[in-house]
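The values are calculated or read from the model by the stated rules, or taken from the named source; none is laboratory data. Values in this document were obtained by computation on a predicted structure and should not be read as measured data. Here the Cβ positions follow ideal geometry from the backbone for every residue, glycine too, while neighbour counts run over all protein chains shown. Areas reflect the complete protein model, heavy atoms only, side chains present, ligands, DNA and RNA absent. Shrake-Rupley method; radii C 1.70, N 1.55, O 1.52, S 1.80 Å.
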Amino acid sequence: MAKSITPNAISSLLSNPSPDPSLTDVPEIVVQVVDLKPIGNSNTRFTFMASDGKMKIKAMLPTHISSEVHSGNLQNLGLIRILDYTCNSIPNQPEKALIVTKCEVVSPSLETEIKSEVKIDETGIVLKPKHEMIVKPKQEMVSKSAAQIVHEQNVNNAPAARMAMTRRVYPLCSLNPYQGSWTIKVRLTNKGNLRQYNNARGEGHVFNVELTDQDGTQIQATMFNEAAKKFYPKFELGKVYYISRGTLKVANKQFKTVQNDYEMTLNENSEVEEIAGEGSFIPETKFNFVKVEDLGPYVNGRELVDIVGIVQNVSTSLSIRRKSNNETIPKRDITIADDSKKTVIVSLWNDLATTIGQELLDMVEKVPVVAIKSLKVGDFQGLSLSSISKTTVVISPDIPEAKKLRSWYDSEGKETSMSSVGSTMASSMSNNGSRSMYSDRVFLSHIINDPTLGQDKAVYFSIKVYISFIKPDQTMWYRACKTCNKKVTEALGSGYWCEGCQKNDAECSLRYIMVVKASDPTGEAWLSTFNEQAEKIIGYTADELDRIKREEGEEKFQLKLKEATWVPHLFRVSVAQSEYMNEKRQRITVRAQSPIDYAAESKYLLEEISKIKIS
């Protein structure tokens, strides 16, 4: 394949800013990629300057080409052949932007940027190419008029299909906030409930949907008030629609539920048209797998995860009673392992527990491979996963990751000793304290002076602090089931009822859940602590401290809290963003505690001093 660019390529693109492949013969244009760089922190979207040696235009690559960039097949000064595109106007600027929707790599990288020499004579400007430009000849095509093509495509087509012929259908990966009119063809893959809200601007209604196109690209669309009431009954799960006249904006990372840099808003003037008989269009399920051992940073975050693993155990179905409406719902736990030699418990709820869960129980002896999309990561028993309404479970998926995992398990995995990722998260802090407590040590000022920390997902640090204050009037503990540690309520008559175990016990235990103020030389912050860490801070169990308060009085109780202050601790903490009364706040949670090992602490300080000397 000749390494060349198309003469006057940029002029050709600008002269036909939005070609329709069904009506016109779109030329294949080769341009050079100059100044290739990612858009913000994205690893799937890249911007560049498209050059033909004479002119340049701002451009954006399609997301599916990002793999070519990461693999090195496409680099700066490389060549691409543009097969489909659109040129959009940039608001408040005279120039246009080129949105490449389909292309292929011609050459990874040339030695230099292709430029044209300019010579001025009496007749004006004459351009002489510095490099020879060779254009790949296009295959001969039978010449047909636009009317002939449209007539042939309209034959035996449904009204919705004929409607699509009159306007171009865009892939979701090509959409951006600067585009004008567009039409997308998508399947509704998730539909939220119509919710009522009440804020400072008044009352209203809102609901969200998730849309997926034929390439598997997803986007979240939101509708408010009149649009919500108009489209809520029209959207049906699984059906295919043409959608147009919507707007796009940069997605709020804290609330987005799909992998897309943008989110869509539909108003009452947007157009949504159902396409009848679209059974063959089934979007490809795209996974973004996370290893079991790497789930820690996602705990209690908003970001959902996908995992692939070997099913090692499947429990029987349990009935759990909801606190909100007293409704009983089915639940089933499955234990999954992967080649990180870690296991994790996945709780399947509702239909997944009774359908897929039962199927897995019937075949558990075969040790099947499953791929699960969209799981929520919680901190129950250290770390666990739970299904939600949009979770998808695929048994024995035909994907490379599943085949690789099956090969690993058959060859060595079944003889390998596995450990729970939940238990190792807690124990690793003490068993490997020198690494966990010293490798990424920061001062409190590093956390509290950066409000963006934990915005996308929880981040972890180690800190050395003193407990400076413990509020005596806070709710410091809750009543817990002695079996599962979940909260219990007073049962009718006597005893305590546990929703998790679905049983009544005569006794319960108390477990800490409290906040403490911590200080170091750079500042102070409130830390949330749970039972295991709080016991090490206070020096008493919650039951013991409660007994002291009841039997020995408030003064003795407060004395015990005061004795726990101004003692140094090493903490492993997570930093995440939470929202309270429409205000975002940092939440710093103690995940592990370790007493000061003065030998290790001295060694750490000497290493830090040596780094200062070297620098």
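The table below lists the values:
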quantity: Percent carbon-and-sulfur accessible area, the stretch 284-353, ignoring ligands, DNA and RNA, probe 1.4 Å; calculated: 42 percent
quantity: Per residue solvent-accessible surface (Å²) - the stretch 454-522, probe of 1.4 Å; calculated: 52 Å²
quantity: Solvent-accessible area per residue, Å², over the stretch 205-253 with all protein chains present [probe radius 1.4 Å]; calculated: 44 Å²
quantity: Modelled FRET efficiency - R0 22 Å, E532 with S419, Cβ distances, 0.05 increments; calculated: 0.75
quantity: Only Lys, Arg (+1) and Asp, Glu (-1) charged, at Cβ; the stretch 456-615 dipole about Cα centre in debye; calculated: 420 debye
quantity: Distance violations [Cα-Cα > 27 Å] among K37/K185; K536/K556; K286/K342; K185/K234; K464/K560; calculated: K37/K185
quantity: Karplus-derived HN-Hα couplings along the stretch 550-559 (A = 6.51, B = -1.76, C = 1.60, θ = phi - 60°), whole Hz, x at Gly and Pro; calculated: 6, 8, 10, x, 5, 5, 5, 4, 5, 5
quantity: Solvent-accessible area, 1.4 Å probe, carbon plus sulfur percent, for the stretch 457-540; calculated: 50 percent
quantity: Cβ-derived FRET efficiency at R0 22 Å, V459 paired with F380, nearest 0.05; calculated: 0.55
quantity: Whole-Hz couplings from phi, Karplus 6.51/-1.76/1.60, listed for the stretch 235-241; x for Gly and Pro; calculated: 6, 10, 4, x, 7, 10, 9
quantity: Value of Rg to Rh for the stretch 496-615 (Rh from inverse mean 1/r over Cα pairs, i.e. Kirkwood); calculated: 1.08
quantity: Euclidean distance between Cα centres, the stretch 27-85 to the stretch 436-513, Å; calculated: 49 Å
quantity: R0 of 22 Å, Cβ-Cβ distance E544-L492: FRET efficiency to nearest 0.05; calculated: 0.15
quantity: Difference of contour (0.36 nm per residue) and Cα-Cα distance, D440 to K503; calculated: 18.3 nm
quantity: Per residue value of the accessible surface for the stretch 283-383 (all protein chains in place, 1.4 Å probe), Å²; calculated: 47 Å²
quantity: Sulfur and carbon atoms: percent of accessible area, the stretch 47-93 [1.4 Å]; calculated: 48 percent
quantity: Extension gain from L14 to N313, taking 0.36 nm per residue of separation minus the Cα-Cα distance; calculated: 101.7 nm
quantity: Order of exposure, largest accessible area first, which applies to M55, M418, M514 with probe 1.4 Å; calculated: M55, M418, M514
quantity: Accessible surface, 1.4 Å probe, highest first, among residues R195, R81; calculated: R195, R81
